[in-house]
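Q: Mind looking over this structure? Questions follow.
The values are calculated or read from the model by the stated rules, or taken from the named source; none is laboratory data. What you see is a predicted model, and the numbers here were worked out from it, not measured in a lab. Here the Cβ is made from the backbone with ideal geometry for all residues, glycine too, and neighbour counts use every protein chain on show.
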């Protein structure tokens with residue numbers, strides 16, 4: 001029975017990560033105006049005419065911000 005609960009928890013985390021990525025990609029143009037997405041730890045490169053983004057520093061910053069807000073609530 002514990003194995004079934006673990007699988008449900010994993011599915012929930014996958015859904016949360018997917019929704020967070022969807023939200024971040026949808027808000028990316030607005031967040032770049034604020035400077036998020038252009039921090040020193042964010043990688044961006046162009047390959048075969050497409051531009052790829054790996055926002056590592058921005059993800060850490062947003063996670064810390066969300067954790068701080070969560071602790072206040």
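Q: Could you tell me whether residue 44 is modelled with pLDDT of 85 or more, outside any loop (DSSP other than H, G, I, E, B) and either loosely packed, with under 10 Cβ neighbours inside 10 Å or in contact with a helix residue (DSSP H, G or I) (Cβ under 7 Å, 6 or more places away or on another chain) (or both)?
A: So residue 44 does not fit the description; no.
Q: Same structure again: For residue 23, are the conditions met, namely being loosely packed, with under 12 Cβ neighbours inside 10 Å and not in a strand (DSSP E or B)?
A: yes
Q: Moving on to the next point. Within the stretch 45-63, identify whether any single residue is without any contact (Cβ under 8 Å) to a residue 12 or more places away in the chain and under 11 Å from the mean Cα position of the chain (by Cα), and answer yes or no.
A: Yes, that holds for at least one residue.
Q: Taking residue 28 as the residue in question, decide whether it is surrounded by 12 or more Cβ atoms within 10 Å (Cβ to Cβ) and on the phi < 0 side of the Ramachandran plot.
A: Yes.
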